[in-house]
Amino acid sequence: MLKYLLLTLMLVTPAIAVEPDEILADPVMESRARDISKGLRCLVCRNENIDDSNAELARDLRLLVRERLVAGDSDQEVEDFVVDRYGEYVLLKPVLSLSNAMLWFAGPVLLIIGGWISVVFIRRRSTGAVVEGLSNEEQAKLDALLKG
């Protein structure tokens with residue numbers, strides 16, 4: 001019974017990739033490092049933060065964050081340092097800036113334009129002219145073609 005309980009506890013615990021040799025002795029500094037790490041993207045795993053990633057590059061980034069904190073940098077200075085080094089892509093929640101505004105607004109703008117085009121197209125189809133049957137001349141040509 002005890003082994004099933006232990007197995008269940010092992011399955012429900014979150015998989016955290018931070019290794020014991022990375023953890024800072026000061027709990028406040030470690031908490032700051034964890035907060036910063038949760039906002040940084042693993043460049044190998046894509047949409048996983050570096051705190052949860054087992055990739056070697058994520059480990060290097062975790063160590064870099066801790067080194068900068070120990071050196072006396074503020075949280076913002078550490079984040080700015082990592083962004084300067086790896087680009088804005090490393091942020092899981094990038095900030096809105098002039099350089100990426102087009103990416104932020106292109107989707108909604110295209111959705112609105114597409115919706116407007118759809119509405120105009122549907123209205124024109126529903127109020128369009130009624131298609132009448134073939135004229136006598138066209139019917140005679142069609143009959144001639146079908147006969148042979």
Region 82-136: C-alpha gyration tensor shape, a/c 1.5 cut-off, then a/b vs b/c: prolate
In nanometres, what is the gap between the two model label sites at MET29 and LEU142, each 7 Å from Cα along Cα-to-Cβ? 8.7 nm
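Every number here is computed from the coordinates shown, using simple stated rules; none is lab data. Bear in mind that the values here come from a model prediction, so they are computed numbers and not experimental data. Positions of Cβ are backbone-derived with ideal geometry, glycine not excepted, and every protein chain shown enters the neighbour counts.
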